[in-house]
Amino acid sequence: MSTPIDSPDQGGLATLDRELEELIREENIEPGDHERFSHYVKKEKILESAITGKPVRALCGKKWTPGRDPEKSPVCPTCKEIYEALRR
């Protein structure tokens, strides 16, 4: 007779691993001003996030999952400052 540990696709450790991964992913998303500002992120990271649902990290260090129109908010002053310094 097999147990859940022997058959991970029926629950057991595989389910626990997926749940733990989800909790870790949720904990890494930072609350704060991502709702008030638009942040600078590499375009390929935005695309990857749209496909996978993984959070992105902005130039300022903010980590969140994008999901709204960035043109409706002012640009994050820290992101803007870092971006301008990189362009020099």
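The values are calculated or read from the model by the stated rules, or taken from the named source; none is laboratory data. A quick note: this is a predicted structure, and the numbers were derived from the prediction, not measured. We place every Cβ from the backbone using ideal geometry, glycine too, and count neighbours over all the protein chains shown. Note: areas computed on protein heavy atoms with side chains; ligands, DNA, RNA excluded. Shrake-Rupley method; radii C 1.70, N 1.55, O 1.52, S 1.80 Å.
Look at Arg57 and say whether it is out of contact with any Ser or Thr (no Cβ under 9 Å at 6 or more places or on another chain), modelled with pLDDT under 90 and open to solvent by 70 Å² or more (accessible area, probe 1.4 Å). I'd like the intermediate steps shown before the answer.
Numbers: out of contact with any Ser or Thr (no Cβ under 9 Å at 6 or more places or on another chain): yes; modelled with pLDDT under 90: no; open to solvent by 70 Å² or more (accessible area, probe 1.4 Å): yes.
Answer is no for this residue.
Of everything in the range 60-85, what is of a type in the set (Gly, Ala, Ser) and open to solvent by 70 Å² or more (accessible area, probe 1.4 Å)? Give them in sequence order. Gly67, the sole residue that qualifies. The residues in the range 60-72 that are over 13 Å from the mean Cα position of the chain (by Cα) and modelled with pLDDT under 90 can be counted, and the count is 5.
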